[in-house]
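The values are calculated or read from the model by the stated rules, or taken from the named source; none is laboratory data. Just so we're clear, the structure is a prediction, and the values are computed from it rather than from any experiment. So basically every Cβ, Gly included, is an ideal-geometry build from the backbone, and we count neighbours across all protein chains shown. Only protein heavy atoms, including side chains, enter the accessible area calculation; ligands, DNA and RNA are left aside. Shrake-Rupley method; radii C 1.70, N 1.55, O 1.52, S 1.80 Å.
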Amino acid sequence: MTTGVRRRMGVEERRQQLIGVALELFSRRSPDEVSIDEIASAAGISRPLVYHYFPGKLSLYEAALQRASDDLAGRFVEPREGPLGARLLRVMRRFFDFVDDHGPGFAALMRGGPAVGSSTTNALVDGVRQAAYLRILSHLDVEEPPARLELVIRSWISLVESTALIWLDGRRIPRAELEVQLVHDFAALSAVAAAYDPEVADLLRKGLRGEPGDGPFTDLVVRLLALAEPPTA
């Protein structure tokens with residue numbers, strides 16, 4: 001038999017609930033458009049009680065961003081097993097799962113939002129990028145990359161971010177195609193760097209060893225070769 005008495009949450013439990021509620025609201029609208037009153041209402045508590053746990057919306061936004069950044073960084077975690085192209089494709093699928101689920105919040109973070117420009121926000125965003133960078137190095141089995149390889153990886157991570165933002169504005173390209181295209185972009189950037197640096201070339205050969213005939217990297221080669229064929233009459 002239920003008594004109808006609501007269970008009192010502990011401090012940390014309530015904080016985590018508010019972060020979850022804020023993330024859910026930020027996933028549907030830009031954080032700039034979400035008020036403390038809405039967060040309080042969705043959490044089933046009063047506005048003053050929200051301020052009891054967080055000094056203001058900025059601190060709550062930063063806490064929500066911390067959870068989201070941990071989640072986003074985790075999307076790049078992938079066992080170092082099987083072909084590199086397939087691994088990167090699985091990473092892209094998980095990354096776009098996040099973008100799909102948190103579109104407005106993701107866009108607000110990258111384009112400008114209530115916490116953008118703060119040292120906390122900058123550190124969190126940089127932390128996600130660094131985690132992604134280290135994971136890609138791990139997939140390539142490289143600890144100290146040549147300068148050109150570092151440039152390739154960091155440039156590709158920036159490309160993934162900007163591509164996701166553009167895609168959110170209308171979703172004019174099928175998501176699955178874009179995920180494959182980004183894996184192709186990584187291979188293409190790596191190939192250009194390899195053409196200038198023998199060390200990068202050796203690392204790329206090692207990374208591509210064992211790529212199957214139906215993998216995304218092989219698909220890119222086939223597409224490029226098709227471009228070189230003379231047009232049919």
Residues in region 115-155 that are touching a Lys or Arg at 6+ places or on another chain (Cβ under 8 Å) and not in a loop (DSSP other than H, G, I, E, B): how many?
5
Suppose we filter LEU137, LEU124, LEU204 for residues that are in contact (Cβ under 8 Å) with a residue 40 or more places away in the chain, touching a helix residue (DSSP H, G or I) at 6+ places or on another chain (Cβ under 8 Å) and not polar (S, T, N, Q); which single one remains?
LEU124
Answer yes or no: is there a residue in region 76-90 that is more than 24 Å from HIS184 (Cβ to Cβ) and of a type in the set (Asp, Glu).
no
Scan region 5-38 for residues that are over 27 Å from the mean Cα position of the chain (by Cα), among the charged types (D, E, K, R) and either on the phi > 0 side of the Ramachandran plot or not in a helix (DSSP H, G or I) (or both) and report the count.
3
Being open to solvent by 40 Å² or more (accessible area, probe 1.4 Å) and assigned to a helix (DSSP H, G or I) is the filter; apply it to region 156-179 and report the residue that is farthest from PRO104 (Cα to Cα).
GLU177
Inspect all residues belonging to region 207-230 and state whether any of them is among the basic types (Lys, Arg), without any contact (Cβ under 8 Å) to a residue 12 or more places away in the chain and closer than 28 Å to HIS102 by Cβ.
no
Look at ARG75 and say whether it is within 30 Å of PRO212 (Cα to Cα) and touching a residue at least 40 places away in the same chain (Cβ under 8 Å).
no
Residue count, region 52-109, condition open to solvent by less than 30 Å² (accessible area, probe 1.4 Å) and of a type outside the set (Gly, Ala, Ser), comes to 19
Would you confirm whether any residue within region 39-51 is farther than 30 Å from LEU140 by Cβ, more than 21 Å from the chain's Cα centre (by Cα), open to solvent by 20 Å² or more (accessible area, probe 1.4 Å) and aromatic (Phe, Trp, Tyr)?
yes
Condition broken by PRO145, with the remaining ones in (1) over 25 Å from ASP100 (Cα atoms); (2) surrounded by fewer than 16 Cβ atoms within 10 Å (Cβ to Cβ) satisfied:
(2)
